[in-house]
Each structure stands twice: as C-alpha cells, then as structure tokens.
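Participant: Dumping the structure here so I can ask a few things about it.
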Protein chains: 2
Amino acid sequence: MFESAELGHKIDKQAYEHEVPQLRESLLDAQFDLAKAKKFPVIVLVGGVDGAGKGETVNLLNEWMDPRHIQVHAMDAPTPEERERPPMWRFWRALPPKGKIGVFFGSWYTGPIVGKVLGKIGGAELDRRIDEINRFEKMLTDEGALIIKFWFHLSKKAQRRRLKALAKNPRTRWRVTPTDWERFRLYDKFRRWSEYTLRETSSSTAPWIVVEGADERYRNLTVGRILLDALREGLSSGMPQAVVTAPPPPLRVDNLNVIQALDLSQSLDKRDYRKALEAYQGRLNLLARTPEFKKRYSLVVAYEGVDAGGKGGNIRRVTAAIDARYYTIIPVAAPTDEERAQPYLWRFWRHVPGKGRVTIFDRTWYGRVLVERIEGFCTEADWLRAYGEINDFEEQLVRSNILIAKFWIAIGKDEQLKRFQNREETSFKRFKITEEDRRNREKWDAYEQAVCDMVDRTSTDIAPWTLVEGNDKYYARIKVLRTLCDTIEAAL
Amino acid sequence: MFESAELGHKIDKQAYEHEVPQLRESLLDAQFDLAKAKKFPVIVLVGGVDGAGKGETVNLLNEWMDPRHIQVHAMDAPTPEERERPPMWRFWRALPPKGKIGVFFGSWYTGPIVGKVLGKIGGAELDRRIDEINRFEKMLTDEGALIIKFWFHLSKKAQRRRLKALAKNPRTRWRVTPTDWERFRLYDKFRRWSEYTLRETSSSTAPWIVVEGADERYRNLTVGRILLDALREGLSSGMPQAVVTAPPPPLRVDNLNVIQALDLSQSLDKRDYRKALEAYQGRLNLLARTPEFKKRYSLVVAYEGVDAGGKGGNIRRVTAAIDARYYTIIPVAAPTDEERAQPYLWRFWRHVPGKGRVTIFDRTWYGRVLVERIEGFCTEADWLRAYGEINDFEEQLVRSNILIAKFWIAIGKDEQLKRFQNREETSFKRFKITEEDRRNREKWDAYEQAVCDMVDRTSTDIAPWTLVEGNDKYYARIKVLRTLCDTIEAAL
C-alpha cells in the first residue's frame with residue numbers, strides 16, 4: 001500500500017516553478033466553475049503520518065484556492081457540545097454544500113486509527129467504525145459528493161531524518177516536542193493500523209491516494225494535479241452521479257514509480273545460482289513437508305509479469321522442489337464459457353487449495369486490473385471495484401491459513417525485445433511469440449501504470465507483492481524461492 | 001421488521017386454486033426466458049424461523065419450476081473438504097451460472113446468526129461476518145446477479161401452536177424432536193439477532209423479504225409472485241445492471257397489512273381522557289426532569305401520519321408536559337436552499353439534541369420514503385437506499401444514548417374526509433386545507449403501501465414504530481404520551 005510512497009519522489013525547483021503558475025490558474029478556474037455549477041460538493045480529507053506535510057498541504061490549498069469557496073476544518077478534540085452527540089455529528093455539521101470545497105484536516109479516520117494505535121479501542125470496535133465510515137462515504141457519493149482522500153506518508157527512516165533535522169535547526173527546534181518522539185516510537189503500529197484501515201476503506205468511489213510526503217514540491221504538485229483532474233472530471237461529466245464512478249488513479253508527477261525503481265542489473269553467476277538453487281529447493285521441500293504446514297496451512301503462489309519475463313522457467317524451479325502430489329499449477333488463459341457465466345472471481349475460488357497443498361497460478365485474478373483494464377475487456381467501473389474485491393478475496397484466504405505469495409516478474413523493455421528476437425530464431429520456441437505479444441509491447445507504458453496502481457492498492461501486510469528483477473533469470477528464480485521459504489517459515 | 005409478518009395473513013382455498021395454475025405457467029415461461037437469455041443468474045435465499053415453511057417452500061419451487069434450470073443447495077454442516085477452506089468457499093462453488101436459478105436452503109446467513117444465538121461467536125465477530133456478507137452480495141449484484149432473499153417468520157405464539165399441533169397429530173409427531181423445543185426456548189434470542197442481521201444486510205440491491213409462514217397458501221402465493229415479478233423485471237430491463245437497482249417491494253397477496261390491521265374504532269371518553277392526560281403528562285414531566293435523563297440521555301420524537309390525522313394537537317399535549325427550555329419542535333416542510341445543497345439527511349442531523357433535551361420532529365426524515373417516493377421528488381434508487389441510510393442514522397443516535405420514539409398517526413379514509421369538510425366549514429381552520437391535501441387523498445393506496453414498506457424496513461428493536469389509531473384524538477394522544485413515558489422509563 002505504501003510502496004510507491006517510499007521511493008524518494010522529488011521534483012526539481014526549475015520544473016516546479018515552471019508548472020505551478022499554470023496549475024494554480026487552472027485550479028482557480030475549476031473552482032470558479034464548481035461554484036457556478038453548484039452541482040456537487042468536494043470533500044478533501046487530509047490524513048497521514050506526522051511530519052509528512054499535512055499542515056503544509058492544508059496551508060497550500062488555502063493559498064492556492066479562492067478562500068470564498070473553500071473551508072478548512074481542523075478537527076481536533078471534540079468540543080463539549082460535540083461530545084454530547086454521535087461522533088459523526090461534527091462532520092455532518094461541517095460538510096460543504098454543493099459548489100464548495102471542504103478540507104478536513106483530521107477526519108472521521110483520525111479517531112478510529114489513533115484510538116486503535118493507543119489501545120483505546122479494540123479490533124472489533126475499529127471494524128465497526130470502519131463499517132460506519134464505509135456506509136457514510138457511500139451515502140455521500142450516492143448523494144453526488146466528490147470525495148478525495150489524501151494520505152501523506154513517510155517511511156520510518158524519512159520520519160526519523162525529518163525529526164532530527166527539525167531538532168537540529170535552532171529556528172525549527174521548537175516544533176519537535178517530546179510527544180513527537182513518543183509518537184515516532186509508535187510508528188510501526190501506526191503504519192500497520194493505517195494500512196489496514198486504508199485497505200478496508202479504499203472503495204472504488206472514494207479510493208485513498210497515498211502521497212509521499214518527504215519532498216515539498218513533489219507533494220504540492222501531486223495534490224494540486226489530482227485535485228484539478230478530479231474537479232475537471234466531475235465538472236465535465238456534468239452529472240454528479242458520474243463523477244464518483246471514475247476517480248483518477250494517482251498520477252505520477254515525477255518519473256519515479258515502483259517499477260522504475262527496480263535495479264534490473266542484479267544478477268547471479270551460474271555457479272552461485274546452482275548452489276543457491278540447491279539450498280533453497282531443499283529448504284522449500286522440507287518446509288512444505290513439515291507436519292504443521294500439512295495440517296494447518298496451504299500456499300497460494302500468484303505469478304504475474306511482463307511477457308517473456310521467464311515465468312514458466314521460474315515456476316518449474318519451484319515445482320521441482322515440491323512433491324508432485326501436493327502442488328497444482330493453474331494456467332490462467334481466457335475464461336471458459338462456464339467461467340464467463342459466473343462472477344469474475346469464481347474461476348479462482350474454485351481452485352482454492354485444501355490443507356497442506358500448494359496452488360500455483362500462472363497469471364491470476366489480477367488479470368482484471370492488468371490486461372482486462374488495458375484492453376478494455378471490462379468497464380472502468382468493473383476494474384475499479386476489482387481492487388476491493390481482490391483484497392476481500394485474499395483476506396478470506398489468509399483468514400483460513402492460506403499463505404499468499406504474489407510475484408511480479410519485471411524485465412526491461414530492451415531485454416524483452418532481445419528475448420522476442422531469440423524466440424523467433426529458435427524454432428521450437430516460435431509458438432510462443434504471437435502478434436498479441438507485439439501489440440502488448442506497444443502498450444508498455446499503460447501496463448507499467450497498471451502495475452503501479454495494482455501494487456499501490458493490493459500490496460498489503462497480509463498479502464504483499466514481491467517485485468522480482470527478472471533481467472537475469474537466475475537472480476529471479478532465487479528471489480522467488482527465497483521469498484517462498486520465508487513466507488512459509490514466517491507462518492510456522 | 002417483522003410486524004407485517006405477524007398479522008395472520010391467509011388466502012382461502014378457492015382464491016388460491018384460482019390463481020395458482022396461471023402463476024405456475026408464468027413462472028415456467030419466465031424461467032424459460034431466463035435460460036434462453038443467459039443474461040444473469042438468480043440467487044434465491046431461504047432462511048427464517050423453524051417451522052415457518054422453509055423446507056416446504058423449497059419443495060414448492062422444485063415442483064413449480066423446470067428442474068433443469070433450478071438447483072437447490074441444502075447447506076448443512078460443512079464437509080471436511082469445505083472445512084479446510086474459507087467459509088465462503090462452499091457458496092462460491094454452488095453459485096448458479098447466468099440463466100439459472102440457485103436456491104440456497106441455509107445460506108451464508110445461517111452460520112453467523114445461529115453462531116451468535118448459541119453464543120459460539122461474539123457480537124464483534126457477527127459484525128465482521130455481516131460486513132463480509134455485504135461485500136459479497138455487493139460484488140454479486142455488481143456482477144449482475146439477481147438476489148432474492150426470503151425470510152420466513154412466525155410469531156412466538158404461532159410457532160408454539162405449530163409445534164403443539166404437529167406433536168398432537170400421530171402422523172406428524174415424529175417431526176417434533178427435543179431439539180425443536182430446545183430451539184423454541186431460544187426464540188427471543190433468535191428473533192433479536194435475526195432482526196439485527198436482516199437490518200444490517202437489507203441493502204437497496206438485495207433487500208430482505210419477510211414472509212409470514214403460518215398459512216401455506218399465503219406463503220406459496222407470496223413467494224411465487226415475488227419471484228415472478230423479479231424475474232420479469234430483470235428480463236425486461238435486459239441489462240443485468242438495471243435488474244438490481246429495482247427489486248420489487250414485498251407484495252401484498254391478501255388485503256391484510258399493518259395499517260389495515262389497526263382497530264381504528266378504539267376510543268376514550270372525555271372523562272377518562274382528562275384523567276389519563278393528567279396522569280401521563282405528570283409522569284412524562286417527572287421523567288424528563290430526572291437527573292439521569294438530563295445527564296445521560298436525550299429524546300427524539302418523530303411524528304408522521306395521514307393528513308388531518310391530528311399531529312398538531314397531539315404534539316401540543318406532549319410539549320405541555322415538558323419544560324419549555326428543554327424541548328424544540330422542528331416542523332419539516334420543503335427543504336431550504338441551504339438544505340438542498342447537502343445530502344438528504346443533513347437537515348435532520350443538524351437538529352440532533354444535546355443531553356437532557358427533547359426534539360420533536362413534525363414530519364421527519366421518513367419524507368424520503370413517503371412523500372418523495374410517491375410524488376417522484378427523488379429517484380427510485382434514492383428512496384430505496386434511504387431505508388438503510390435511515391437505519392444507520394438512527395443506530396448512531398441510539399448508540400449515543402438518544403432515545404427515539406416514532407409515531408405514525410393513522411386515520412380512516414372516511415374520517416379524513418369528514419375532517420377536511422369540517423375544516424372547510426370552520427373558517428379559521430380553512431388555511432389548513434389545500435389543493436395538495438386533496439391530491440394526496442387520491443394517492444391514499446400508494447401511501448398505505450409506502451407506510452407498510454417503511455414499517456417493514458425501519459421498525460427495529462432499537463427504534464420501533466408505534467402505529468397510533470387516530471380516529472379518536474383522545475385515544476391517540478394518550479397512546480403517544482404513554483409510549484413516550486415507557487420509552488424513557490425503559491432506558492433509565
């Protein structure tokens with residue numbers, strides 16, 4: 001969930017100063033049109049890690065926008081008047097009317113998340129509050145509201161760095177209080193429960209947008225552009241109902257993303273590979289044969305990746321380590337007639353493994369947010385809701401002790417071309433290259449975007465994505481084997 | 001929630017035998033069209049109280065429909081194979097494909113409700129399961145499925161009667177086991193948690209249909225007609241997406257409903273009225289002044305009713321009992337511009353009372369499912385989702401110790417006419433009668449249906465409706481005052 005926001009996004013000063021004037025003008029125009037049309041209200045939530053620029057962003061919005069049509073609500077501890085009423089009352093009172101923008105600095109998320117982190121409420125109460133929030137936001141979007149939820153994130157390292165820097169500078173030292181350091185000690189807990197809450201409340205009509213908070217210019221441009229796009233989209237669709245079905249996926253404002261950040265040059269020489277292969281295959285074999293695994297657990301391995309990324313060979317190195325009676329490979333191609341007559345996830349549910357078994361999916365349920373999204377095989381509404389449905393699916397698996405390992409095998413564009421050409425030359429591999437592969441290659445950038453969105457929205461604590469640098473097949477195979485061993489070991 | 005299903009609905013043999021052949025033929029036709037079009041699957045859930053005809057209904061469907069296109073799943077205890085996988089796996093496996101009907105006798109509701117009643121799971125786990133169910137059903141309807149959820153209900157009295165009758169008859173004695181009587185002892189608990197679960201899962205796209213189970217002929221006709229209507233509606237709209245936005249509200253197959261069942265002849269003579277008025281006003285005054293009420297509670301009184309039903313006079317008898325500093329009357333008319341720019345419930349949220357206060361709404365948030373529904377002031381989708389939104393709203397109030405008393409003041413059609421004529425004659429009351437009142441009178445039946453639907457879907461344990469027989473104003477006033485006293489007393 002937070003992978004994309006730990007990459008060290010940065011915008012240089014020149015690029016920033018070049019873009020900002022135009023962006024501000026466009027934002028003012030959009031705000032003016034919004035106020036004139038009075039078709040829907042805009043609700044902006046600002047939440048996230050301390051020190052990740054929440055306050056600065058609120059100030060920025062105040063500065064960039066027309067103050068007559070924007071209202072900032074800093075939601076601190078409730079007043080006595082508010083305490084006498086249901087917790088949501090204060091937020092109802094502060095809702096912006098149609099045509100206006102309401103910014104909530106501290107929102108209906110603050111209480112539940114902070115409460116859970118400080119141990120004031122239990123997991124069950126958190127779930128109840130999450131459910132209440134989901135119903136509330138669904139009501140808002142059903143009523144036509146445009147909801148934009150920003151979550152400002154800093155990695156643990158970046159937060160420590162920031163606190164230290166502030167403390168060192170005499171002019172900012174006052175900003176770092178003992179409470180800040182106390183909170184910092186709760187970072188991991190805060191991160192875990194934020195991730196959980198964000199996952200459970202990232203609906204297709206009001207998804208969270210996670211913004212890396214370290215670089216001010218990056219933060220500002222990201223927020224400004226997303227806000228502008230959402231406003232424009234809402235205004236042009238005219239009907240508030242249509243506004244809410246298509247919030248823009250997070251934009252990239254620099255060229256950095258989780259795929260670009262991979263170091264594809266990583267490799268293993270043949271000798272090291274042989275040794276590691278033997279070691280990890282042996283370890284995996286033992287792990288899969290432990291009585292505890294066989295009795296209580298099972299494993300789902302999900303392979304996705306760029307065409308010609310080497311999935312097939314990678315899978316064979318995994319299956320070679322497991323007793324053939326205990327694994328199943330499910331190659332996922334176009335759905336059968338029978339599968340087409342069922343809800344999308346049905347074809348994957350049918351292959352959920354029993355205890356002690358390993359099921360390997362060669363392509364997966366993520367097809368919906370990858371190929372189906374890009375080729376237009378399903379509607380935008382369909383793939384947008386798929387993120388939540390997939391998270392639900394995986395949560396149910398994990399809840400019944402099914403371990404999940406998800407691999408994206410990435411290779412570079414040049415490497416792919418080389419492999420395609422090799423295949424053409426090697427006659428026995430020729431069947432593998434099709435016109436479709438070529439067309440997919442033309443959609444390289446669209447796929448990259450889709451993969452980033454997928455990782456942002458479905459890489460969770462309970463079922464994280466492992467991105468595998470695949471230019472070197474040896475390196476990729478060992479990384480997968482090691483991850484599988486670690487996954488089982490962590491559970492036992 | 002169960003009010004309509006405790007009225008003693010009955011169909012006589014002649015009417016039944018007259019209708020059934022035609023109904024069966026239409027059902028077969030619809031089923032044939034469904035199978036031919038293969039546009040969407042139909043998922044029928046059969047749940048409810050033991051002995052309320054669940055099994056008989058399943059048999060009936062098997063008998064009436066073409067067995068090639070219907071599949072019944074009696075979901076008993078899970079098999080070992082099923083136990084190894086997530087709880088929902090068995091249901092995924094059994095989902096009907098497009099064009100077919102799947103009947104679930106025992107469904108994803110059985111485990112959570114029975115588990116809670118028997119104390120095997122706690123309230124938090126029940127809530128989690130409910131949330132999971134809601135996401136699952138939303139996914140199904142998003143995928144185009146038509147879901148029809150029948151809940152067969154028997155009042156406690158009717159269930160006892162039925163068990164006794166079965167036990168008495170030598171031919172059916174075997175059907176009553178000690179387990180049945182044991183379960184009967186859990187009736188109240190079962191009712192409470194069923195009601196809770198039904199309320200939390202009655203979505204606008206998959207609402208529950210509660211069917212009184214006592215009379216076989218009534219039960220059969222109700223199920224048959226609802227199924228037929230839903231199929232026809234789904235098939236004619238063509239697009240599965242449209243199917244799910246408009247499930248039919250429960251039909252009346254006899255002329256009995258909660259409004260018709262009222263005995264409007266009830267009355268009080270002036271002398272008794274005076275005495276009772278004094279007594280209850282005094283009691284209410286004391287109750288509203290107790291320190292505990294003032295410190296911890298508040299009261300919301302919601303008045304709805306037929307035009308000329310006597311709301312105004314009734315309200316005055318209540319306010320006369322309360323210190324004027326502590327109550328507020330909110331007359332609800334057409335929304336202001338400011339209110340129109342907000343979500344529907346905003347105008348009511350703003351008047352939520354603080355501690356120790358009483359807020360009386362003269363007409364309420366139920367306008368959406370009454371006048372707005374009937375006059376077409378909002379779309380069908382809007383008023384359908386309003387039931388759930390209203391239940392959420394009231395649950396939040398109750399959760400923060402706000403007591404809710406909801407009154408529907410009913411008068412007969414003749415009585416209304418008489419009062420209208422009186423008003424015309426009494427010049428100082430003339431301002432009260434408008435052309436609109438006359439038009440509403442023409443929509444009498446539509447209102448009656450809307451009121452019944454409202455009671456079915458929003459009369460809950462935590463915020464029940466009180467239907468007030470209003471032909472005699474004295475009687476109505478005392479009933480309201482007594483209910484208010486009881487409501488506060490029950491809380492203190």
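Participant: Among residues belonging to segment A:470-482 that are crowded, with 21+ Cβ neighbours inside 10 Å and in a loop (DSSP other than H, G, I, E, B), point out the one that is nearest to the chain's Cα centre (by Cα).
Facilitator: Only one residue tops the list, namely A:470.
Participant: A further question on this structure: In segment A:191-200, how many are touching a Lys or Arg at 6+ places or on another chain (Cβ under 9 Å) and surrounded by 22 or more Cβ atoms within 10 Å (Cβ to Cβ)?
Facilitator: Result for segment A:191-200: 3.
Participant: Looking only at segment B:350-371, which residues are closer than 15 Å to residue A:91 by Cα and either among the charged types (D, E, K, R) or surrounded by fewer than 22 Cβ atoms within 10 Å (Cβ to Cβ) (or both)?
Facilitator: B:350, B:351
Participant: OK, next. Residues that are aromatic (Phe, Trp, Tyr) and either under 26 Å from residue A:69 (Cβ atoms) or at pLDDT 90 or above (or both): find the helices (runs of 4 or more DSSP H) completely inside segment A:183-268 holding 3 or more of those.
Facilitator: Those helices (runs of 4 or more DSSP H) span A:187-201.
Participant: Take residue B:137 and decide whether it is within 13 Å of another protein chain (Cβ to nearest Cβ), in contact with a strand residue (DSSP E or B) (Cβ under 7 Å, 6 or more places away or on another chain), touching a residue at least 40 places away in the same chain (Cβ under 8 Å) and acidic (Asp, Glu).
Facilitator: So residue B:137 fits the description; yes.
Participant: List every residue pair whose Cβ atoms lie under 9 Å apart, where the two residues are 6 or more positions apart in sequence or sit on different chains, the first residue falls within segment A:12-34 and is touching a residue at least 24 places away in the same chain (Cβ under 8 Å) and under 16 Å from residue A:60 (Cβ atoms), and the second residue, located anywhere, is among the aromatic types (Phe, Trp, Tyr) and in a helix (DSSP H, G or I).
Facilitator: The qualifying pairs are A:16/A:218; A:20/A:64; A:23/A:64; A:24/A:64; A:27/A:64; A:28/A:64.
Participant: Inspect segment B:147-156 for any residue being assigned to a helix (DSSP H, G or I), within 22 Å of the chain's Cα centre (by Cα) and away from chain A (no Cβ under 12 Å) and give the result as yes or no.
Facilitator: yes
Participant: Looking only at segment B:13-60, count how many residues are more than 25 Å from the chain's Cα centre (by Cα) and either farther than 25 Å from residue B:91 by Cα or part of a helix (DSSP H, G or I) (or both).
Facilitator: The qualifying residues number 27.
Participant: Considering (1) part of a helix (DSSP H, G or I); (2) crowded, with 16+ Cβ neighbours inside 10 Å, say which one residue A:467 fails and leave the rest.
Facilitator: (1)
Participant: Additional query: Cβ-Cβ under 7 Å, sequence separation 6+ or interchain: first residue in segment B:77-98 and of a type in the set (Asp, Glu), partner surrounded by fewer than 17 Cβ atoms within 10 Å (Cβ to Cβ). Which pairs?
Facilitator: Matching pairs, first to second residue: B:81/A:354; B:84/A:354.
Participant: Identify, please: which residue in segment A:448-462 is among the aliphatic types (A, V, I, L, M) and surrounded by fewer than 22 Cβ atoms within 10 Å (Cβ to Cβ) and is, among those, farthest from residue A:403 (Cα to Cα)?
Facilitator: A:450
Participant: Looking at segment B:111-119, can you tell me whether even one residue there is more than 14 Å from chain A (Cβ to nearest Cβ), surrounded by fewer than 19 Cβ atoms within 10 Å (Cβ to Cβ) and of a type in the set (Val, Ile, Thr)?
Facilitator: Scanning segment B:111-119, I find at least one residue that is more than 14 Å from chain A (Cβ to nearest Cβ), surrounded by fewer than 19 Cβ atoms within 10 Å (Cβ to Cβ) and of a type in the set (Val, Ile, Thr), so the answer is yes.
Participant: Looking at segment B:78-90, is at least one residue among the β-branched types (Val, Ile, Thr) and within 14 Å of chain A (Cβ to nearest Cβ)?
Facilitator: Scanning segment B:78-90 turns up at least one residue that is among the β-branched types (Val, Ile, Thr) and within 14 Å of chain A (Cβ to nearest Cβ).
Participant: With respect to the numbered conditions (1) farther than 29 Å from residue B:40 by Cβ; (2) of a type in the set (A, V, I, L, M, F, W, C); (3) out of contact with any Leu (no Cβ under 6 Å at 6 or more places or on another chain), which one is the sole condition not fulfilled by residue B:152?
Facilitator: (1)
Participant: Just to verify a result, which residue in segment A:62-102, among those that are closer than 20 Å to residue A:26 by Cβ and not hydrophobic (A, V, I, L, M, F, W, C), is surrounded by the most Cβ atoms within 10 Å (Cβ to Cβ)?
Facilitator: Top of the filtered list is A:100.
Participant: Moving on to the next point. From the list B:404, B:409, pick out the single residue that is modelled with pLDDT of 95 or more and surrounded by 22 or more Cβ atoms within 10 Å (Cβ to Cβ).
Facilitator: Answer to the check: B:409.
Participant: Next up: Can you name the residue in segment A:78-118 that is small (Gly, Ala, Ser) and either within 18 Å of residue A:198 (Cβ to Cβ) or assigned to a helix (DSSP H, G or I) (or both) and, of all such residues, is modelled with the lowest pLDDT?
Facilitator: A:106
Participant: Please determine whether any residue of segment B:374-382 is under 19 Å from the mean Cα position of the chain (by Cα), within 14 Å of another protein chain (Cβ to nearest Cβ), surrounded by 16 or more Cβ atoms within 10 Å (Cβ to Cβ) and over 30 Å from residue B:474 (Cβ atoms).
Facilitator: Yes, there is a match, as at least one residue in segment B:374-382 is under 19 Å from the mean Cα position of the chain (by Cα), within 14 Å of another protein chain (Cβ to nearest Cβ), surrounded by 16 or more Cβ atoms within 10 Å (Cβ to Cβ) and over 30 Å from residue B:474 (Cβ atoms).
Participant: Hey, any hits in segment A:120-132 for a residue that's among the acidic types (Asp, Glu), touching a helix residue (DSSP H, G or I) at 6+ places or on another chain (Cβ under 7 Å), within 14 Å of chain B (Cβ to nearest Cβ) and part of a helix (DSSP H, G or I)?
Facilitator: yes
Participant: Then there's this: Please state which one of B:344, B:326, B:387, B:366 is facing chain A (nearest Cβ under 9 Å) and either closer than 17 Å to residue A:143 by Cα or in contact with a helix residue (DSSP H, G or I) (Cβ under 7 Å, 6 or more places away or on another chain) (or both).
Facilitator: B:344
The values are calculated or read from the model by the stated rules, or taken from the named source; none is laboratory data. Just so you know, these numbers come straight off a predicted model, no measurement behind them. FYI the Cβ positions are ideal-geometry reconstructions off the backbone, even for glycines, and counts take in every protein chain you see.
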